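A.B. asks: Please find one structure pasted underneath; my questions will follow.
The values are calculated or read from the model by the stated rules, or taken from the named source; none is laboratory data. Remember, it's a predicted structure, so these values are computed and weren't measured experimentally. Positions of Cβ are generated from backbone atoms using ideal geometry, with glycine treated the same way; all protein chains shown enter the neighbour counts. For the accessible areas, the whole protein counts, side chains as well, though only heavy atoms, and no ligand, DNA or RNA atoms are used. Shrake-Rupley method; radii C 1.70, N 1.55, O 1.52, S 1.80 Å.
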Amino acid sequence: MEEKMDEVAIECIEESHLKEKIKYFDCTTEERTEEEENINNFLKKKALKEAYSKNSSTFLVVSGNERIIGFYTVDISSFEIDYISDRNEKYSYSINVKYLAVDNKYQQKGYGENILIHIMSTYREIAKNIGIRYLTVRTHSRTDWYVKRGFKKHNSQYFDVLVYDLKEGD
């Protein structure tokens, strides 16, 4: 049975998720990359600890039958903005999408894009109240996927920083 995005719940990660829901999550593709394994490991072993320590927040996208379709993790970060002409500062804070992943049973069905749209919409509203203008993603892969969805690429020494201006959607 295929779920529609409006038939899912978005839940903040909590201890009860570890016993049942999370253990079956697997975002790996046929290639089983190290990055995919790291994402699975983060969700199963580190996400709750980071949430308790207030270092990041993880949200699960849960289907009507209680399966995890995907998840995302956000934190607050800073990045170099000297390439943005209308700002005098060298650095700016951002809401950083640390992880965004979809279970392999639900991949290629639009869930990743719908989760990203949810993130952009939710944090656009939050950003108005906390004075943060940008949403960022740091990645070694999937750069083109984010660029197609409105992020601008900013090269860093170690990885790509993808920047989305939350004010653009106002």
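A.B. asks: Residue by residue through region 109-133, note down the ones that are touching a strand residue (DSSP E or B) at 6+ places or on another chain (Cβ under 9 Å) and part of a loop (DSSP other than H, G, I, E, B).
C.D. replies: Matches in region 109-133: LYS109, GLY131, ILE132, ARG133.
Matching residues to (1) closer than 16 Å to ASP75 by Cβ; (2) touching a Leu at 6+ places or on another chain (Cβ under 7 Å):
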site	(1), (2)
ILE95	yes, yes
GLY112	no, yes
PHE151	no, yes
VAL161	yes, no
LYS167	no, no
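A.B. asks: Here is a further query. Would you mention how many residues in region 1-24 are open to solvent by less than 100 Å² (accessible area, probe 1.4 Å), modelled with pLDDT under 75 and either in contact with a strand residue (DSSP E or B) (Cβ under 6 Å, 6 or more places away or on another chain) or over 12 Å from ARG67 (Cα atoms) (or both)?
C.D. replies: Adding up the residues that qualify gives 1.
A.B. asks: Only one residue in LEU48, LEU60 is within 16 Å of the chain's Cα centre (by Cα), closer than 18 Å to ILE119 by Cβ and either buried (at least 16 other Cβ atoms within 10 Å of the Cβ) or at pLDDT below 90 (or both). Which one?
C.D. replies: Just one listed residue meets the conditions, LEU60.
A.B. asks: Return a yes/no flag: does region 34-42 have any residue that is of a type in the set (D, E, K, R), in a loop (DSSP other than H, G, I, E, B) and within 18 Å of TYR106 (Cα to Cα).
C.D. replies: The answer is no, given that none of the residues of region 34-42 is of a type in the set (D, E, K, R), in a loop (DSSP other than H, G, I, E, B) and within 18 Å of TYR106 (Cα to Cα).
A.B. asks: May I pose another question? With the structure loaded, tell me whether ILE69 is in a strand (DSSP E or B), open to solvent by 100 Å² or more (accessible area, probe 1.4 Å) and closer than 19 Å to VAL97 by Cβ or whether it fails that test.
C.D. replies: No: the conditions fail for ILE69.
A.B. asks: So how many residues does region 110-133 have that are aromatic (Phe, Trp, Tyr) and either open to solvent by 70 Å² or more (accessible area, probe 1.4 Å) or without any contact (Cβ under 8 Å) to a residue 60 or more places away in the chain (or both)?
C.D. replies: Matching residues across region 110-133 total 1.
A.B. asks: Answer yes if at least one residue in region 25-33 is more than 15 Å from ASP103 (Cα to Cα), crowded, with 18+ Cβ neighbours inside 10 Å and modelled with pLDDT of 90 or more, and no otherwise.
C.D. replies: No, region 25-33 contains no residue that is more than 15 Å from ASP103 (Cα to Cα), crowded, with 18+ Cβ neighbours inside 10 Å and modelled with pLDDT of 90 or more.
A.B. asks: Next question. What about THR136, is it open to solvent by less than 60 Å² (accessible area, probe 1.4 Å), in a strand (DSSP E or B) and on the phi < 0 side of the Ramachandran plot?
C.D. replies: Taking the combined requirement at face value, the residue satisfies it.
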